[in-house]
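**Q** Take a look at the following structure, please.
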Amino acid sequence: MLEKDIEKVLVSEQEIDEIAKRLGKQLTEEYKDKFPIVVGLLKGCVPFMGKLINNMDMHLEIEFMDVSSYHGGIESSGDIKISKDLDVAVQDRHIIIAEDIVDTGRTIKVIMDLLKYRGAKSVSVVTLLDKPEGRVVNLDPEYIGKTIPKEFVVGYGLDYDEKYRNLPYVGVLKKEVYMK
Ligand code: IMP
């Protein structure tokens, strides 16, 4: 049913599995003695973060923040609101922020600065997708699943108007879906 709205598949389910394995292994090597907090940015992080932490063979905590910058459309407003904050202190802790996609970089930059201000020992970013052409702030995620062109994508956590997050792959929406 959802598939009929998709123009093309950009990252297949199998490729997402491979990405989660590769990044999970890398994070395990780099953080195994650091008991990090993996901070997921709701709601888009959910499917990828779930798969990623299954591939991290080490002790870690998970936490979530809800930060919004998009308001049902397809362009970033640059307006950021924190509607759910962390439930734990980050002082002297290593933080890995887990995201579905980094576009302008504004959301992550604000969160990184906030967590550093709160005394985190280190803050890094792991993202399923990166759209570097969209960047308006100076930010390079340390762990990137796949770099994609400046296209609006949905699936695997990414939404259009809160829909399509449950697609098991990442795809490009047909134009007529958001031109309606
Ligand atoms: P940034 O602050 O512009 O980097 O925005 C990142 C957030 O914007 C992501 O967590 C997504 O929620 C949303 N976003 C950016 N690009 C897309 C896209 O292609 N599809 C769906 N959501 C997107």
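The values are calculated or read from the model by the stated rules, or taken from the named source; none is laboratory data. Given the structure is predicted, the values throughout are model-derived calculations rather than measurements. For neighbour counting, all protein chains shown are included, and Cβ atoms are generated from backbone atoms with ideal geometry for every residue, glycine included. We work out accessible area using only protein heavy atoms, side chains counted, and drop any ligands, DNA or RNA first. Shrake-Rupley method; radii C 1.70, N 1.55, O 1.52, S 1.80 Å.
**Q** Any idea which residue in the range 54-73 is modelled with the lowest pLDDT, counting only those that are open to solvent by less than 60 Å² (accessible area, probe 1.4 Å) and touching a helix residue (DSSP H, G or I) at 6+ places or on another chain (Cβ under 6 Å)?
**A** S69
**Q** Another question, then. Just wondering, is there one or more residues in the range 158-170 that are outside any strand (DSSP E or B), aromatic (F, W, Y) and in contact (Cβ under 8 Å) with a residue 40 or more places away in the chain?
**A** Yes, the range 158-170 contains at least one residue that is outside any strand (DSSP E or B), aromatic (F, W, Y) and in contact (Cβ under 8 Å) with a residue 40 or more places away in the chain.
**Q** Also, I was wondering about something else. Take G78 and decide whether it is at pLDDT below 95, outside any strand (DSSP E or B) and on the phi > 0 side of the Ramachandran plot.
**A** Criteria met by G78.
**Q** Same structure, new question: May I ask you to list the residues in the range 100-150 that are among the polar types (S, T, N, Q) and either outside any strand (DSSP E or B) or more than 17 Å from C45 (Cβ to Cβ) (or both)?
**A** Within the range 100-150, T104, T107, S122, N138, T147 meet the criteria.
**Q** So which of V136, V110, V102 ends up being at pLDDT 95 or above, within 11 Å of the ligand (Cβ to nearest atom) and either in contact with a Cys (Cβ under 8 Å, 6 or more places away or on another chain) or farther than 15 Å from V38 by Cα (or both)?
**A** V102
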